[in-house]
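A.B. asks: I have a structure here, written as structure tokens, and I will follow up with some questions on it.
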Amino acid sequence: MPRYLKRTDAANYLTQAGIASSKTTLARMAMLGKGPQYVIIRQRAYYKPEWLDAWLEQAEPSASALEHMMREGS
């Protein structure tokens, strides 16, 4: 497996792990300071598979849709 994944490949990696994702979603999360760790090289975002795995592992389950909306609003 490549050491670094382009944003499209990172989205595919997450989708294969069962988390529907797209490069647009990853870009949006990056702009909000959320989502998996990444590095910018020559004006392009790259992700390491282990960073994506770590992000998936630290995800917390939500108790309800209302709780999710309240978390997003804060």
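A.B. asks: Between MET31 and LEU56, what length comes free when the chain is fully extended (0.36 nm per residue of separation minus the Cα-Cα distance, one decimal in nm)?
C.D. replies: 7.1 nm
A.B. asks: Can you work out ³J(HN,Hα) from phi for every residue in the stretch 47-58, in order, using Karplus 6.51 cos²θ - 1.76 cosθ + 1.60 and θ = phi - 60°, giving whole Hz and x for Gly and Pro?
C.D. replies: 10, 8, x, 5, 5, 5, 4, 4, 5, 5, 5, 8
A.B. asks: I need the phi-derived Karplus couplings for the stretch 6-23: 6.51 cos²θ - 1.76 cosθ + 1.60, θ = phi - 60°, integer Hz, Gly and Pro marked x.
C.D. replies: Taking θ as phi minus 60°, the curve returns 5, 4, 4, 5, 5, 4, 5, 4, 5, 4, 5, 7, x, 10, 4, 8, 9, 5 Hz for the stretch 6-23.
A.B. asks: Cβ under 15 Å from TYR4's Cβ, TYR4 left aside: what net charge do those residues give with Lys, Arg +1 and Asp, Glu -1?
C.D. replies: +4
Quick note: the coordinates plus some simple rules give every number you see, no bench work behind them. This is a predicted model, so every value here is computed, not measured. Here the Cβ is made from the backbone with ideal geometry for all residues, glycine too, and neighbour counts use every protein chain on show.
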